[in-house]
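Below: the structure, in structure tokens.
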Amino acid sequence: MDDLYREVIIEHYKNPGYRGKLDPHDISFADNNPLCGDHIQIDLRVGTDGVVTDARFDGHGCAISQASADLLIESIIGKPLEEIKKLNKESILELLGIELGPVRLKCALLSLKVLKAGVYGLGEASDELVE
């Protein structure tokens, strides 16, 4: 089963469906993982009802960070911001479908950290956002 999930990760890394930038956007936030150099920016368009109508990510990094960003963006379009605020590390691990060690977990959680910092309107991202 892990092989199937690894194939999904490689596919999202090589052919991301949600890579790009939105202009105009309602929310935009970027951050990086200083340990490995991964970088993610997330742009959101949000309707007047608080539902994400479109989203994109941009950045660079390892397969795990980029695939998790693509999978996360795919999963939040059409969801209200209040629901997005409830996402946590288990949400990302479920999307990826594989167990990760501590170093790879930071890579996988970068997109969620960036997303939640943007949704909450914070000046900087914190690891506490993804727990």
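The values are calculated or read from the model by the stated rules, or taken from the named source; none is laboratory data. Everything numeric here is computed off the predicted structure, so don't read it as measured data. Here Cβ is always computed from backbone atoms with ideal geometry, including for glycine, and neighbour counts include all displayed protein chains.
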Can you tell me which of 55, 30 is of a type in the set (Gly, Ala, Ser), under 26 Å from residue 7 (Cα atoms), modelled with pLDDT of 95 or more and under 11 Å from the mean Cα position of the chain (by Cα)?
55
Where residue 65 falls short, out of the listed (1) in contact with a strand residue (DSSP E or B) (Cβ under 9 Å, 6 or more places away or on another chain); (2) surrounded by 15 or more Cβ atoms within 10 Å (Cβ to Cβ); (3) free of Cβ contacts under 8 Å to residues at least 24 places away in the same chain; (4) among the small types (Gly, Ala, Ser)
(3)
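Looking for something charged (D, E, K, R), under 15 Å from residue 22 (Cβ atoms) and within 12 Å of the chain's Cα centre (by Cα) - is there at least one such residue anywhere in region 105-116? Show your work before the answer.
Initial filter on region 105-116 (charged (D, E, K, R)): 106, 113, 116.
Subsequent filtering for residues that are under 15 Å from residue 22 (Cβ atoms) retains none.
Scanning region 105-116 turns up no residue that is charged (D, E, K, R), under 15 Å from residue 22 (Cβ atoms) and within 12 Å of the chain's Cα centre (by Cα).
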Starting from region 25-45, take each residue that is free of Cβ contacts under 8 Å to residues at least 24 places away in the same chain and among the basic types (Lys, Arg) and list its partners that are crowded, with 16+ Cβ neighbours inside 10 Å and assigned to a strand (DSSP E or B), counting only C-beta distances under 8 angstrom and pairs at least six apart or across chains.
45/52; 45/54; 45/55
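Considering only region 21-52, state which residues are loosely packed, with under 14 Cβ neighbours inside 10 Å and more than 20 Å from residue 106 (Cβ to Cβ). Steps first, please.
At the first step, the residues of region 21-52 found to be loosely packed, with under 14 Cβ neighbours inside 10 Å are 21, 23-24, 34-35, 37, 47-50.
Scanning region 21-52 gives 21, 23, 24, 47, 48, 49, 50.
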Which of the numbered conditions does residue 82 fail, given that it passes all the others? Conditions: (1) of a type in the set (Asp, Glu); (2) under 18 Å from residue 8 (Cβ atoms); (3) at pLDDT 95 or above.
(2)
If you go through region 69-82, how many residues are assigned to a helix (DSSP H, G or I) and in contact with a strand residue (DSSP E or B) (Cβ under 9 Å, 6 or more places away or on another chain)?
7
